[in-house]
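The values are calculated or read from the model by the stated rules, or taken from the named source; none is laboratory data. No experiment lies behind these values; they were computed from the predicted model shown. Don't worry about glycine lacking a Cβ; one is built from the backbone with ideal geometry, like all the others, and counts go over all protein chains shown. The protein model used for the area step is the full one, side chains on, heavy atoms only, and it has no ligands, DNA or RNA in it. Shrake-Rupley method; radii C 1.70, N 1.55, O 1.52, S 1.80 Å.
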Amino acid sequence: MSMRSSARFRSTITGAAVCSALALGSVLAGPGTAVASAETGQKSTSVSAASCNVIYRLSTNYEGWTANYSWAWNINVAQGATGDRVREIQCLLIFKGVSGVGAVDGDFGPATRTAVVKFQKSRGLDYDGIVGANTWRKLRVRD
């Protein structure tokens, strides 16, 4: 093996080892476990749902609560929607103490809509069951 290919081989093996160690650390930490961050001002708070790890993220371009499913602040999300934005809403509702959200499954069904209306009423918002800019803002800000 030449000197050049030997160095390339060591570099590849080292990179693979680092990736494996990071992946193993994530698996061992398990769901709902706080993850360290290089960003300053970030606090982690676990919520009751196993798939939610809500943190307060403070960086140069973002400040607010997040479950790291979505960074949306002004996109309308309503009953019938599915995916990560819905998971984000469900986690934040649970974190904010709203009962009846149901499973964090990414499906904006009747239970999630009822929980959104309950949240909107409790925060003095127009209550239509649609998560728009004002509802996102209330979900994300510190109370």
Q. Once label points are set 7 Å from the Cα along Cα→Cβ at both ASP128 and ALA103, what is their separation, rounded to one decimal in nm?
A. 3.0 nm
(Q) Going by average Cβ density within 10 Å per residue, which order do the peptides 78-90, 94-106 take, highest to lowest? (A) 78-90, 94-106
Q. Can you list the aspartates and glutamates whose alpha carbon sits under 20 Å from that of LYS96, skipping same-chain ones fewer than 8 residues off?
A. GLU63, ASP84, GLU88, ASP105, ASP107, ASP126, ASP128, ASP143
Q: Tally up the carbon and sulfur contribution to the accessible surface of the range 44-143 as a whole percent, 1.4 Å probe, everything protein left in place.
A: 47 percent
**Q.** Relative contact order of the range 89-143, pairs being alpha-carbon contacts under 8 Å that are 6 or more residues apart, as %
**A.** 31 percent
